[in-house]
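What follows is one structure encoded as structure tokens, with my remarks underneath.
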């Protein structure tokens, strides 16, 4: 059984919110053919962290980032991307809350070198020269394009930002004597009970369009009970290359991270191959309302997705040990995107508030408190 919770300043939201607290249709089963029973290792916890760069006049209007933390059965920590520099302090505090005696990340995976993905890692590496702030990072994994390749095809202001982001990241690595371990397709990296299988890596030959995004590392993460496909900002061309590769059959996963923050990423044929049950949306309230994002949401609805986790709704935890909230009842008209709820649940009256749900998770309490908070909702 998968359980999920969402921490917000108002506490844990149940079905009355736009957020999902969901369970599988069958006890202990996540996706077809998944084993059940107590002999399994404890599922790895997964958190989708909210952005910390928000407008003062509207704390629900935040910048796009990609930031995930996994905790294995023996409490080893894995970070995927981590967000922007503005998210570094929150992420560091979150890590400290989960390993208070000695802040440590066993593996940090970088999808690609855009600031909304690696800015936090860059800042944490810079701060690691200060013993008070230092976080131990055992290994950093990625598949990074060389600077001359990026510079050759970079254009305009955004291209210059790509160059500066790359340079700042590598300077931070040098400053603490760290390096990025190059991953290769087909490689499986095991951290405790979690396997990270590399399905896609940098694609320098796709220089004609969207080079850095199309070089996102694609990873399939599994813990024996669920599988999660992380896509970074993979674009159409990178997605098509993966679909034509020998790893296309490995795309099938229970959860999928929606590429490029849910819009202008891979196409429908890619998601058809993944056939997910749940979607992770590393997106903002504003991007969620765009026509391009809603078109992707429509794809996923038509593909039979049962639930959607949206980053802007707050700190989202999956298999974190919170009490399960069982949902059941009549079908929901999922064409109504004003309030996204899992398919197969009963819609309760929705509070009248701005589309996008609750305000930032960390307001009113620390990241450490938020990361330890358990759902106070009755099962049943």
310, 273 arranged by Cβ crowding within 10 Å, fewest neighbours leading: 273, 310
Modelled FRET efficiency - R0 22 Å, residue 190 with residue 275, Cβ distances, 0.05 increments: 0.30
Antiparallel bridges, percent of DSSP beta bridges restricted to region 82-217 (to nearest 5): 35 percent
Stretchable slack from residue 181 to residue 301, in nm (0.36 nm times residue separation minus alpha-carbon distance): 39.5 nm
Region 63-206 shape via C-alpha gyration tensor axes, a/c threshold 1.5: oblate
Centroid-to-centroid separation of region 110-143 and region 157-223 [C-alpha atoms, Å]: 13 Å
Highest to lowest packing among 255-264, 91-100, 152-161, scored as the average C-beta count within 10 Å: 255-264, 91-100, 152-161
Difference of contour (0.36 nm per residue) and Cα-Cα distance, residue 248 to residue 129: 38.7 nm
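Taken together, the values in this text are just the output of simple stated rules run on the coordinates, not laboratory data. Model, not experiment: these values are computed from the prediction. So basically every Cβ, Gly included, is an ideal-geometry build from the backbone, and we count neighbours across all protein chains shown.
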